[in-house]
Amino acid sequence: MNDSPRVAPKSPSEALKPVAPPAPPPKARRRRRSSPFVAMLSGLFTALLVLGGLVGAGIAVVSSQSRSPGPFASDRVLIIPKDSGLAEIADLLQREGMIEHPWVFRVSALISGNWTKLKAGEYLFKARASQADILDIIADGKVVEHSITVPEGLTSEQIVARLRENDLLSGDIIQVPREGSILPDTYRIPRGFSRQAIIDRMARDQAALLNRIWDRKPADLPIKTKQELVTLASIVEKETGRADERPRVAGVFINRLNRRMKLQSDPTIVYGIVGGQGTLGRSILRSEITQPTPYNTYVIDGLPPGPIANPGRAAMEAVVNHSRTKDLYFVADGSGGHAFAETLEQHNRNVGRWRQIEAVRREPGKPPAEASVDKVEPPPAPDTRSEAPATQPSEGEAIETWPVPGNRRAAAGQLPQGAALAGGRVRAFDASEGTSRDPLLNKTFDLNSPKQIPALRP
């Protein structure tokens, strides 16, 4: 069945009327051809998008690899030599079994910008440290620091010798520093630190500390200059190693300075003989007590011309914060310290007790050695030394006994008959620093405790 609409017939007049022709079809627009430059940019953009995707994927892979735990199971120390570049460091890490893929390390360094910051040195890496952690440690220069301890009471020559023997340090020391001008302490330094640099640092620390201590000195201190303060502190440092008695030892010497008494300190005898070498290595001979040197405080008045060692902080503090006592003497007490006395009589009693301690300590039945010559190590014979004369010698009389404030040597009374040796020589004193008979090293007894010492015989 035909569903098309029926056309109504037109009248003859309408059929004869002309009909307007249909409108012409629209012209097809000609497609403009793009320029080669635009096409190149379009291709380049497409390539960049693809490359960016690849780079992003690569960065994700590198980041994942660099942050994964490392292959080494225990802490490792690695020294990276000077002038090592990124490639050399990556290869070194691979050879040491600390990374598996050097290219990941190099790419991580390039991406992060740390490849320009890598520093030589000694590094500690924790077990299983990732490549990112290793890279950060090297780039930040977190090198291992070593402790170097310079003991108090060493001379500058001794300190320089120790630093030269330390293989952690590098370079040489231009000049041995002036005595007392460097501060003994514990210093933390990286491997390869300059020896001269640590000397300079010790000198700066000493100057700064001395200024602070000097500002706190009491007005009645018989010390005129900072140099004199260091000088007295060096004597205190050499006389005792016990922190609790440094102020009291300093007080003894300050009391003697105020009374214009000679200091009579054994370490000054030693320094006058050996200088910066430090220790005599043997006992002090009686002839050396009167041997004139600029430092021998048995001969000179007051302080020596300069320090006899490099004192530590505690010894310098002890000088300005000395004990306010009337003590003028001290002697070894058998406990590693000293017994103090205000008078010569008290001091002689302390010395007598110390002699008995020495006698008890000696091996029983051991015959005394022959005392025909001066000894480096004195024989364990009955003590025949003297530090305090019973009477003062008359003018022109040969002096064989000497008043001493008390220190490492211990004796009292007049030199017994037979103590003088052939040719007028006298047996060496024992207990000199650097020998095995130094009473400060013997802690068998305590002279300050009556329960631990023998009764003093009349």
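Against the test of being free of Cβ contacts under 8 Å to residues at least 40 places away in the same chain and open to solvent by less than 10 Å² (accessible area, probe 1.4 Å), the options Ile284, Ile235, Ile289, Ile269 yield a single qualifying residue, Ile269.
Among the residues of the stretch 167-189, those identified as on the phi < 0 side of the Ramachandran plot and open to solvent by less than 40 Å² (accessible area, probe 1.4 Å) are Leu168, Leu169, Ile173, Pro177, Glu179, Ser181, Ile182, Leu183, Pro184, Tyr187, Ile189.
Within the stretch 86-109, can you find the residues that are free of Cβ contacts under 8 Å to residues at least 24 places away in the same chain, open to solvent by 10 Å² or more (accessible area, probe 1.4 Å), of a type outside the set (Asp, Glu) and touching a helix residue (DSSP H, G or I) at 6+ places or on another chain (Cβ under 9 Å)? Those that are free of Cβ contacts under 8 Å to residues at least 24 places away in the same chain, open to solvent by 10 Å² or more (accessible area, probe 1.4 Å), of a type outside the set (Asp, Glu) and touching a helix residue (DSSP H, G or I) at 6+ places or on another chain (Cβ under 9 Å): Ala87, Gln94, Pro102, Trp103, Arg106. In the condition set (1) over 24 Å from the mean Cα position of the chain (by Cα); (2) over 21 Å from Arg178 (Cβ atoms), Tyr295 is compliant with all but (2).
Checked against (1) open to solvent by 60 Å² or more (accessible area, probe 1.4 Å); (2) touching a Leu at 6+ places or on another chain (Cβ under 8 Å), Asp200 meets all criteria but (2). Yes or no: the stretch 196-203 includes at least one residue that is without any contact (Cβ under 8 Å) to a residue 60 or more places away in the chain, of a type in the set (S, T, N, Q) and part of a helix (DSSP H, G or I). Looking for residues that are without any contact (Cβ under 8 Å) to a residue 60 or more places away in the chain, of a type in the set (S, T, N, Q) and part of a helix (DSSP H, G or I), one finds at least one in the stretch 196-203, hence yes.
When we screen Lys224, Lys262, Lys217 for residues that are touching a Leu at 6+ places or on another chain (Cβ under 8 Å) and open to solvent by 40 Å² or more (accessible area, probe 1.4 Å), the only hit is Lys217. Ser147 falls short on exactly one of the conditions (1) over 27 Å from Lys238 (Cα atoms); (2) exposed (fewer than 15 other Cβ atoms within 10 Å of the Cβ), and that condition is (1).
For the stretch 307-318, what are the residues that are in contact with a Lys or Arg (Cβ under 8 Å, 6 or more places away or on another chain) and open to solvent by less than 30 Å² (accessible area, probe 1.4 Å)? Result: Ile308, Ala309, Ala315, Ala318.
Answer yes if at least one residue in the stretch 314-329 is touching a strand residue (DSSP E or B) at 6+ places or on another chain (Cβ under 6 Å) and of a type outside the set (Asp, Glu), and no otherwise. Taking every residue of the stretch 314-329 in turn, at least one turns out to be touching a strand residue (DSSP E or B) at 6+ places or on another chain (Cβ under 6 Å) and of a type outside the set (Asp, Glu).
The values are calculated or read from the model by the stated rules, or taken from the named source; none is laboratory data. Everything numeric in this text was worked out from a predicted model, so none of it was measured. Every residue, glycine as well, gets a Cβ built from its backbone with ideal geometry; the counts of neighbours run over all protein chains shown. Surface accessibility is based on the protein's heavy atoms, side chains included, excluding ligands, DNA and RNA. Shrake-Rupley method; radii C 1.70, N 1.55, O 1.52, S 1.80 Å.
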